[in-house]
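Asker: Here it is, the structure, as C-alpha cells.
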Amino acid sequence: MKAIYKTYRAIAVVALTTLLLASCSTTSKIPADEMLYTGTKSIKYEADTTGVSSEIKSSIKTSVNVAPNNYIKMLNWRYPFPLGLWVYNHWPNPPKGIRHWLYEKLVEEPVLVSDVRPEVRTRMIEEILDNNGYFSGTATYDLVQGRNKKKAAIAYTVNPGPAYPVDSIELLPDTCALYHMVDSLARRDTYLSAKSPRYCADSLKTARIRITNSLRNRGYYFFQPNYIEYLADSLINPGHISMKLMIASNAPKFALKPYKTGKVTVYLDRYQGGGTPDTIPLQRATLIQMQPSRFRSKLVNENVTFRPGRTFSVRDMNRTQTNLSRLGIFNAINIEARPDTLAPAGERLLNVDVFCTFDSPLEASVEVNASSKSNSYIGPGITLGVTNKNIFGGGEQLSVKATGAYEWQTGRGKKGSVFNSYEVGITASLAFPRLLAPKFIPRSRYQLNWTRFQLNADLLNRPHYFKMAQFNASINYDWRLRRYVSNTLTLFKLTYTNLMKTTAEFDSIMNANPAVAQSFRSQFIPQMSYTYVYDRQFNRDNTFNWQFTIQEAGNIFWGIYRACGVKGEKKLFGTPFSQFVKGTTQLVWGRRIGSGDQWIVSRVAAGAAHAYGNSSQVPYAEQFYVGGANSVRAFTVRSIGPGSYNGMPGQPVDYFDRTGTFKFEANVEYRFPIFGPLHGAVFLDAGNVWLLKDDPMRPGGTLKADTFLRDIALGTGAGLRVDISMLVIRGDLGIGIHAPYDTGKRGYYNMTSFKNSLAFHLAIGYPF
C-alpha cells in the first residue's frame, strides 16, 4: 500500500507542478508598452491567388516565420509548458553558484512583438511580390489577442493583385559580334524566349548568368553578369512589362572583346618541395617539371584541353582541372589566365598557367568493422591496404589489400560463445587511367577511362560445415563517353572455387538436395560481362538511375572444346567449368516533395540466370537471394524463397537452399529530415526469388504465373539515418505483412505474431 501511495503522490506532485507552471504568469516582467509574441496566426491571401506559385508562397512564409518562445521548429509545434519564460519571470539570477548555473541553462528570454517587427515583415512581403511581377501587391498585419492582453499572435493579409507578364523584349542592335552573340543567346534562353512569362527578377538574373557563362566559353573571359542590364517599362502597355536589353555603360572595353588561347605552361612541383626545374616543350603546352620526379609528359597532352590559337573557353579550364584531379596524384591544382602583353598588334591572347603540386605517392589505409549476421554469427574484421598512386609515372595505381575476419556463433545449446569461423583474403589491383585495349573506344571527355587488372584469393572456414578457397583474376575496362552514362566491360574473369573440406553435417544436407550440392562443387567460372549505368538528375526535384548487367560464363571455352571434338563434360585443368548466362536490371527514381529535403524514392529490380551445356546448376555465388538490409527488410538474409518453399525441417531459416535463379524486388521509401544530420524513413518492400528449373527437393520454388503474386513477400517498416555527408549510418526496423510460405494462418496477413514479424538491420549507406 505504501508503494501505491508514493506512486499516486508523485503523480499528483507532477500534475500540480504542471498546472502551476501553466497558470503562473509568463508576462509579469514584460514592459507595459510591449506584448509577448506567440507566433504567426495565419497568412491569408485575398482575391484570386491561383496564379501565385507555391515557391512565392513559401518565400513569403519564410520571411514571416519567426519562432516564438517554447517552440520546436523541427516539428513546427509550440509546446504548452513555457518553463524558460517562467524561469525568466519568477527566478532570481544570483551572480554565481548552482542557482546561477540552473538559471542560465533553463532561462528563455521573451520574444516580443517589437522584436518581430511586423511592419518590416509586410514590406518584405511586398518586395517579394514586386520581384515576382505583382507590382500592385500589398500586405498588412493584425495583432490577434486572447484573454491575456500582454500576448499577441500576428495574422498577415496578402493581396497580390494581378501579375504583370513580359509582353516584349527589345534586344541589342546587331552592330558588332558581341551584340549579335548576346541576341542569339537571349533568343534561345528558356525564360527570355518564353511567350509572355510572368515578370520575375530572379529569373532575369538567372538568364543573365546563363548568357554570361556562354559568352565566357566563347572567348569573352572577362565578361560579368552585371554588364547586362534590363530596362523595364509598364506604361507602354498597361498591365504588362516591356523590356529592353542593354550593355552597361560602365562595362570595360577589354571585357567586351573575345580572346584566344596563347601560351600554355604546366608547372609541376614535388610534394616535398625543392628540386631542379626541367623544361620540356610539348605539342599543346610547355612542361616545367621539378626534378627528380616521376611523371609521364604524355599525360599533359591527354588531360590539358587548351589549344593555343583557339578561342579561349572557361569550359577548358574546368575540364583541365577535373582531368588532372581525377588522376589522383596531385594535392593542389590551380589554373590562371592572364593577358599576353607581348602579343602581336591586333591579337588578344590569354596565356594559361597550370600549377600542380604532387601528392605523396604512397597511401595506407586501415578499416576496422564489426558484423552481426542474421544467422547469429558476430565478430570483428580488419582490412589493411597500401596504394601507390603513381607507380609508373602515368597515374597508374597499384594497390594491395589484406582482409581478415573471424566470427563466432552464439546459442546452439553451448555455454557461452565458441570460436566458430574465420575468413582471410588478399587482393592485388593494378589500374591504368586509360584504355590499353580495345582501341575502338574513344577517350572520354567526362571522366578518365580505366583499365584494371586484379588478382584475388580468399579462404573461408566454417568448422561446422566446410572450408572453401576461391581464386580469381580479371581484366576490366571502365569508360564514360556521355555525361550520364558509364560503362564497365569485364573482358575476362576466371574464378576457381575449391571446396577443400566438408563435415558430415554439411554432406548430409548436400546429399538431401543434389541441386544445391551441384552449385557448391569445385569448378572454374570463366566469365565475360558488361554493365551499363544511366545516372541523371534531371533537375533539383527528379533523379533517375538505371543499371543493366549481362554476363556469360563458359561459352567461349565450350565452343573451343566443341570445335576440337571434345564431347561430354568439358574440363579446364582437370576441373569442370561452369556454363551459364545471367542478366540483372534495376531502376531507381526519386522525386522531391515540397521545397524541403523530402523524397519519395522507388526501386524495381529483376534478374535471371540459366545454366546449360556443361552445367546443370548456376554456381551458388551467382544465384539470387532476398532479405536483409538492402532488400525486403522485414525478413533476414536468405530467410525466404525460393517461391513458397519453407526449408527442410530443423534447418536454419537462412541456409543454403534459400537461393534461386530468378529474382524480383520492388521498394518505395519516403525519406525526410528530422534534425540536423538525423533523417527518417518509412518504407514498403516486396520481393522473392524463384527457380527456373524444377527442383523436387524444394516444392513450391519454381516460378509459375498463377502463384507469382502470392509468392511475393511483403513488408513495411521505418528507419533512422545519420547522414554526415560522406557516411550514412542506417538502422531499419522491418515489419512483415505477408510471408510467401504457409505459416499456419489464413488470410493475406499470415505472420504468426507481431514479435516474430520484426527484423532490425544496421547498415552503412542508403539501401538504393
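The values are calculated or read from the model by the stated rules, or taken from the named source; none is laboratory data. Since the model is a prediction, treat every value here as computed from it, not as a measurement. For neighbour counting, all protein chains shown are included, and Cβ atoms are generated from backbone atoms with ideal geometry for every residue, glycine included. Accessible surface is based on the protein model in full, side chains and every heavy atom, while ligands, DNA and RNA are left aside. Shrake-Rupley method; radii C 1.70, N 1.55, O 1.52, S 1.80 Å.
Asker: Exactly one of (1) over 38 Å from the mean Cα position of the chain (by Cα); (2) charged (D, E, K, R); (3) surrounded by 13 or more Cβ atoms within 10 Å (Cβ to Cβ); (4) within 27 Å of Ser234 (Cα to Cα) is unmet by Arg121. Its number?
Answerer: Failing condition for Arg121: (1).
Asker: With the requirement that a residue be assigned to a strand (DSSP E or B) and either modelled with pLDDT under 85 or surrounded by 15 or more Cβ atoms within 10 Å (Cβ to Cβ) (or both), what does the stretch 429-456 give you?
Answerer: Scanning the stretch 429-456 gives Ser429, Leu430, Ala431, Phe432, Trp450, Thr451, Arg452, Phe453, Gln454, Asn456.
Asker: On to the next question. Give the residues of the stretch 465-497 that are open to solvent by less than 50 Å² (accessible area, probe 1.4 Å), more than 29 Å from the chain's Cα centre (by Cα) and more than 23 Å from Asn555 (Cβ to Cβ), sorted by residue number.
Answerer: Tyr465, Phe466, Met468, Ala469
Asker: Given the conditions (1) in contact (Cβ under 8 Å) with a residue 24 or more places away in the chain; (2) open to solvent by 70 Å² or more (accessible area, probe 1.4 Å), report the number of the one that Trp77 does not fulfil.
Answerer: (1)
Asker: Looking for whichever is among the polar types (S, T, N, Q) and more than 30 Å from Ser639 (Cα to Cα) here; the options are Thr584, Thr575, Thr531, Thr549. Which one fits?
Answerer: Only one candidate qualifies: Thr575.
Asker: If Leu282 satisfies all but one of (1) within 42 Å of the chain's Cα centre (by Cα); (2) in contact (Cβ under 8 Å) with a residue 40 or more places away in the chain, what's the number of the condition it fails?
Answerer: Only one criterion is unmet by Leu282, namely (2).
Asker: Check every one of the helices (runs of 4 or more DSSP H) wholly within the stretch 57-166 and list those with 3 or more residues that are of a type in the set (A, V, I, L, M, F, W, C).
Answerer: Once the helices (runs of 4 or more DSSP H) in the stretch 57-166 are filtered for at least 3 residues that are of a type in the set (A, V, I, L, M, F, W, C), what remains is 83-90, 98-106, 118-131.
Asker: The conditions are (1) within 30 Å of Thr743 (Cβ to Cβ); (2) small (Gly, Ala, Ser); (3) free of Cβ contacts under 8 Å to residues at least 60 places away in the same chain; (4) in a loop (DSSP other than H, G, I, E, B), and Ala634 fails exactly one of them. Which is it?
Answerer: For Ala634, the exception is condition (3).
Asker: Right, something else. Of Gly219, Gly146, Gly137, Gly239, which residue is in contact with a Pro (Cβ under 7 Å, 6 or more places away or on another chain) and surrounded by fewer than 14 Cβ atoms within 10 Å (Cβ to Cβ)?
Answerer: Gly239
Asker: Got at least one residue in the stretch 602-625 being in contact (Cβ under 8 Å) with a residue 24 or more places away in the chain, among the β-branched types (Val, Ile, Thr) and surrounded by fewer than 21 Cβ atoms within 10 Å (Cβ to Cβ)?
Answerer: Taking every residue of the stretch 602-625 in turn, at least one turns out to be in contact (Cβ under 8 Å) with a residue 24 or more places away in the chain, among the β-branched types (Val, Ile, Thr) and surrounded by fewer than 21 Cβ atoms within 10 Å (Cβ to Cβ).
Asker: Can I ask one more? Could you grab me the full set of residues in the stretch 326-346 that are surrounded by fewer than 16 Cβ atoms within 10 Å (Cβ to Cβ) and touching a strand residue (DSSP E or B) at 6+ places or on another chain (Cβ under 7 Å)?
Answerer: Asn331, Ala332, Asn334, Glu336, Arg338, Pro339
Asker: Any chance the stretch 648-666 includes a residue that's of a type outside the set (Gly, Ala, Ser), under 24 Å from Trp589 (Cα atoms), assigned to a loop (DSSP other than H, G, I, E, B) and modelled with pLDDT of 95 or more? Write out each step before concluding.
Answerer: Of the residues in the stretch 648-666, the ones of a type outside the set (Gly, Ala, Ser) are 648-649, 651-659, 661-665.
After this cut, where a residue has to be under 24 Å from Trp589 (Cα atoms) as well, the list is 662-665.
The next check asks that each one be assigned to a loop (DSSP other than H, G, I, E, B); those that pass are none.
No, the stretch 648-666 has no match at all.
Asker: Can you spot a residue in the stretch 25-38 that is over 30 Å from Pro92 (Cβ atoms) and either buried (at least 17 other Cβ atoms within 10 Å of the Cβ) or not β-branched (Val, Ile, Thr) (or both)?
Answerer: For the stretch 25-38, residues over 30 Å from Pro92 (Cβ atoms) and either buried (at least 17 other Cβ atoms within 10 Å of the Cβ) or not β-branched (Val, Ile, Thr) (or both): absent.
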